[in-house]
Amino acid sequence: MLEVRNLVKRYGTHLVLDGVDLDVAEHEVVVLIGSSGSGKSTLLKCVNLLEEIDDGRIVLDGADISDPRTNPDHARRGMGIVFQAFNLFPHLNVLDNVMLAPKVVHKVPERQARDRAMELLAKVGLAEKAKAYPDRLSGGQQQRVAIARALAYEPKLLLLDEITSALDPELVGEVLTLVRELAASGTTLLMATHEMGFAKQVADRVCFLDGGALIESGPPSQILEAPEHPRTQQFLSRIIQAGRL
Amino acid sequence: MSAPSQLQLERLAYKRSRAQKSTVVALASTVVFAVAAWLTITNAPGWPRVQASFFDWETAKKSLPALLDGLWLNVRVLVVCGVLILVIGLAIAAVRTLRGPVWFPLRALAIAYVDLFRGLPLIICLYLIGFGLPGLRLSGIPNDPVVLGSIALVLVYSAYVAEVFRAGIESVHPSQLASARSLGLTHSQTMRIVVLPQAVRRVLPPLLNDFVAFQKDCGLISVLGAVDAVRAAQIESATSYNFTPYVVAGLLFVLLAVPSSRLADWVSRRAARRQNAGGPGA
Ligand SMILES: Nc1ncnc2c1ncn2[C@@H]1O[C@H](COP(=O)(O)OP(=O)(O)O)[C@@H](O)[C@H]1O
Ligand SMILES: [Mg+2]
């Protein structure tokens, strides 16, 4: 599904991704962990072609989307991405947020786009909020709408960048429950998170990123309980001390 | 809701009496100040002369029709230029958001334009356009002072307004752009559907402030000989040897500005309230 090869990204002279190799198979759930600043967000943005890469290849479904000849606007349509915050467009109501891409990008007729959007909102449990504006929603509800919106055009791959880290603790659960349902229904997921408990339950594979390099990856039981690399051990012991595992 | 307690009733009564007291004090001090100012001015040694040459009721009445005619020209210039300034300012701001080397020349041009016309004093721009442009004797160049003056106003104010819009565009959170692009929207769709609607809402208060300033600067087209309210006042005062028409014209401009000033206040209060209520998208 997704193959990342030798991905290099610099901001100026600052090397942020240092030759990352990563594969995500269809229906797989891959979780990126790593301390703040390790390059998780940058990796997800590069995969979504929101940042220009400095070396390497990104292949989605057999097509090299990092090839400068591919149209990034087209390539992105195969993926959905949700960020930490500020996902929803505040001047559009929930329904219009979800319908926007189908209508504007994919030229789906109004009626059909609306039905599909309502279906997605029902799926994330927010059909009754269709006419509400984002500032009337809780943070957790906003993130669920953002997920519904990212799913509107049936992406092959869903990218989630710490979608619960800006939420109040009591709102994290509802969002993670939704992600768990998506994972169970076979959505291919690549997500960065600090929720180690969640990673343990849902991930097929956990990848530890440190200083822009992929240090270690494997099944959650191995990476989270018996990491081999000292840096991974260090990171996890800090997380355990903070009481988050 | 239960009935207010005795304590709350007492509190309310006290607050009410205090509010009444403040109103009385404010009114009294205003009246005292106004009377003192009035007495000082009217007792000044030169007051009879000033009154005769600046506040002459007969001259005011006689000059009013000509001044109103002039003001009507100002209003028309205001409306037409206002629309042009909004469109051009927005276009320049949008050009400055274009990324990538292909757009460099256009972007550089926009920056140069803004730098030039934001720095150039309006009065100099008016002279250069008003007297320089027709001096070229090119065919198709208008020599109507109203049109030339309007061109100068649009050139200068578009630069200001472009900067206001740009600040608004840059205040939109980067995740909003990334979200829009990730949904497959093109750059121009992102601008049109996601960024500009938010930017415009945010810059409405400063934009209205610029509009108030623009209203009075419309009077500067008189330096090119356009017979607007200021020029009409000049003509009237020259024929009557009296400055009253200037005072009347000034009052007319103030009256014109009051509604927009109140509107600007109201919009910025509303914007502030909404920003506090909305909070971050978290
Ligand atoms: N737009 C940017 N410009 C410059 N440096 C950036 C930018 N975005 C991220 N960085 C830097 O890249 C590094 C990785 O950031 P990021 O991918 O956000 O890490 P993470 O998501 O793992 O916390 C950090 O050192 C950060 O300061
Ligand atoms: Mg991050």
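The values are calculated or read from the model by the stated rules, or taken from the named source; none is laboratory data. A quick note: this is a predicted structure, and the numbers were derived from the prediction, not measured. Note that each Cβ is placed from the backbone with ideal geometry, even for glycine, and that neighbours are counted across all protein chains shown. Areas reflect the complete protein model, heavy atoms only, side chains present, ligands, DNA and RNA absent. Shrake-Rupley method; radii C 1.70, N 1.55, O 1.52, S 1.80 Å.
Within region B:158-210, track down each residue that is more than 7 Å from chain A (Cβ to nearest Cβ), open to solvent by 30 Å² or more (accessible area, probe 1.4 Å) and of a type in the set (S, T, N, Q).
Correct list: B:Ser171, B:Ser188, B:Asn209.
Any residue that is at pLDDT 90 or above and β-branched (Val, Ile, Thr) - is there at least one of those in region A:67-75? Write out each step before concluding.
First, pick out the residues of region A:67-75 that are at pLDDT 90 or above: none.
Checked against the condition, which is being at pLDDT 90 or above and β-branched (Val, Ile, Thr), region A:67-75 yields no hits at all.
Considering A:Val4, A:Val31, A:Val16, A:Val8, which residue is near ligand 1 (Cβ under 7 Å from one of its atoms) and either part of a strand (DSSP E or B) or modelled with pLDDT of 95 or more (or both)? Before you say what the answer is, go through the steps one by one.
Numbers: A:Val4 fails: near ligand 1 (Cβ under 7 Å from one of its atoms); A:Val31 fails: near ligand 1 (Cβ under 7 Å from one of its atoms); A:Val8 fails: near ligand 1 (Cβ under 7 Å from one of its atoms).
After ruling out the rest, the residue left standing is A:Val16.
So, B:Pro45, is that one open to solvent by 90 Å² or more (accessible area, probe 1.4 Å) and not in a helix (DSSP H, G or I) or not?
Considered against the rule, which asks whether it is open to solvent by 90 Å² or more (accessible area, probe 1.4 Å) and not in a helix (DSSP H, G or I), B:Pro45 comes out as yes.
For A:Val16, all conditions in the list (1) surrounded by fewer than 23 Cβ atoms within 10 Å (Cβ to Cβ); (2) away from ligand 2 (no atom under 13 Å from the Cβ) hold save one; what is the number of the exception?
Of the numbered conditions (1) surrounded by fewer than 23 Cβ atoms within 10 Å (Cβ to Cβ); (2) away from ligand 2 (no atom under 13 Å from the Cβ), the odd one out for A:Val16 is (2).
Tell me which residues, restricted to region A:97-128, are surrounded by 17 or more Cβ atoms within 10 Å (Cβ to Cβ), farther than 21 Å from A:Leu160 by Cβ and within 14 Å of chain B (Cβ to nearest Cβ).
Within region A:97-128, A:Met99, A:Lys103, A:Val104, A:Val108, A:Ala113 qualify.
Can we say A:Ala192 is in contact with a helix residue (DSSP H, G or I) (Cβ under 9 Å, 6 or more places away or on another chain), within 16 Å of ligand 2 (Cβ to nearest atom), more than 14 Å from every other protein chain (Cβ to nearest Cβ) and not polar (S, T, N, Q)? Lay out the reasoning, then the answer.
Working: in contact with a helix residue (DSSP H, G or I) (Cβ under 9 Å, 6 or more places away or on another chain): yes; within 16 Å of ligand 2 (Cβ to nearest atom): yes; more than 14 Å from every other protein chain (Cβ to nearest Cβ): yes; not polar (S, T, N, Q): yes.
Judged against the criteria, A:Ala192 is a match.
Considering only region A:35-73, state which residues are more than 17 Å from the chain's Cα centre (by Cα) and either among the small types (Gly, Ala, Ser) or within 13 Å of ligand 2 (Cβ to nearest atom) (or both).
Within region A:35-73, A:Gly56, A:Gly62, A:Ala63, A:Ser66 qualify.
Out of everything in region A:65-86 that is farther than 21 Å from A:Leu160 by Cβ and facing chain B (nearest Cβ under 9 Å), what residue ends up being surrounded by the most Cβ atoms within 10 Å (Cβ to Cβ)?
Going through the qualifying residues, I end up with A:Asp73.
Sort through A:Gly173, A:Gly212 and tell me the only one that's closer than 27 Å to A:Ala25 by Cα and in contact (Cβ under 8 Å) with a residue 60 or more places away in the chain.
Numbers: A:Gly173 fails: in contact (Cβ under 8 Å) with a residue 60 or more places away in the chain.
Unique residue meeting the criteria: A:Gly212.
Got a number for residues in region A:19-29 being within 16 Å of ligand 2 (Cβ to nearest atom) and surrounded by fewer than 20 Cβ atoms within 10 Å (Cβ to Cβ)?
The number of residues fulfilling the criteria is 0.
Is one or more of the residues making up region B:97-110 assigned to a helix (DSSP H, G or I) and in contact (Cβ under 8 Å) with a residue 60 or more places away in the chain? So that I can check it myself, show each step before the final result.
Kept after step one, since they are assigned to a helix (DSSP H, G or I), are these residues of region B:97-110: B:97, B:101-110.
Subsequent filtering for residues that are in contact (Cβ under 8 Å) with a residue 60 or more places away in the chain retains B:97.
Checked region B:97-110: at least one residue is assigned to a helix (DSSP H, G or I) and in contact (Cβ under 8 Å) with a residue 60 or more places away in the chain.
Would you please list the contacts, defined by Cβ atoms under 8 Å and residues six or more apart or on different chains, that run from a residue in region A:38-56 that is facing chain B (nearest Cβ under 10 Å) and open to solvent by 10 Å² or more (accessible area, probe 1.4 Å) to a residue that is away from ligand 2 (no atom under 14 Å from the Cβ) and aliphatic (A, V, I, L, M)?
Pairs that qualify, where the first residue is facing chain B (nearest Cβ under 10 Å) and open to solvent by 10 Å² or more (accessible area, probe 1.4 Å) and the partner is away from ligand 2 (no atom under 14 Å from the Cβ) and aliphatic (A, V, I, L, M), are A:Leu49/A:Ile58; A:Leu49/A:Ile65; A:Leu49/A:Ala75.
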